[in-house]
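Before any comments, here is the structure.
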Amino acid sequence: MLRMAGRVADIVSLNFDNRSGKLGGDGVHRSTAEATSRKVEWVREGAGDRWGDVELEVGAYFTDVTSSSSSVVGELAARFDLPASDVRSHPHVLVGSVEALCEELVRRRDRLGISFVTIPVASLHAFAPIVARLAGR
């Protein structure tokens, strides 16, 4: 499916494997940074010469703009039975300060090509300074 999306779509969303029908541990485990890298490669294979015209999107379902990221990461790690390092690098997790999240988003764009991020409505106001800093970068 992702190869086909790469062939025909302008924007490709890299989502969880939601076969369980809910946003839970199973999907989180199947959507790690490593799994997302494989998904990006499938899109790239399908896109061929169009690769530069395809935009990649990811939903950051777990977003918290905070200076106390360790406690939030710890809670998510316990909730999903993942090492904290996997939580921090998880494509569907954005937890940290404005500066840290700006750096992480640029890193993900440079490494994976993800340039479109959807965040929860509840994080909209807290995320605004990140958008302002990254606009035009």
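Values quoted throughout were computed directly from the atomic coordinates according to the rules given, and no laboratory measurement underlies them. Remember, it's a predicted structure, so these values are computed and weren't measured experimentally. For neighbour counting, all protein chains shown are included, and Cβ atoms are generated from backbone atoms with ideal geometry for every residue, glycine included.
Descriptive notes on the structure:
- Fully extending the segment from V8 to D81 would add 22.6 nm, taking 0.36 nm per residue of separation and subtracting the current Cα-Cα distance.
- Database remark: amide H of V95 closer than 5 angstrom to the amide H of D64 (H placed geometrically; neighbours at sequence offset of 5 or more, or on other chains; Pro and chain starts carry no H).
- Helix 33-47 axis, angle to the chain major axis (alpha carbon atoms, nearest 10°): 20
- Acute angle (nearest 10 degrees) that the helix 124-134 long axis makes with the longest principal axis of the chain, alpha-carbon atoms: 60
- Nearest-0.05 FRET efficiency for V106 and E45, computed from C-beta distance (R0 25 Å): 0.50
- Rounded to the nearest 10 degrees, the angle from helix 98-112 to the longest Cα principal axis of the chain is 20 degrees.
- Summarising the amide proton neighbourhood of E55: residues at separation of 5 or more, or on other chains, whose placed amide H is nearer than 5 Å comprise I11, V12.
- Shape category assigned to region 75-129 from the gyration tensor of Cα positions, a/c cut at 1.5: oblate
- Overall Cα dimensions of region 2-134, principal axis frame, Å, largest first: 43, 35, 24
- Packing, as the average of other Cβ atoms within 10 Å across residues, places the peptides 25-32, 106-113 in the order 25-32, 106-113, highest first.
- Assuming charge only on the beta carbon of Lys and Arg (+1) and of Asp and Glu (-1), the dipole of the chain about its Cα centre is about 160 debye to the nearest 20.
- Subtracting the Cα-Cα distance of E57 and L124 from their residue separation scaled by 0.36 nm leaves 22.4 nm.
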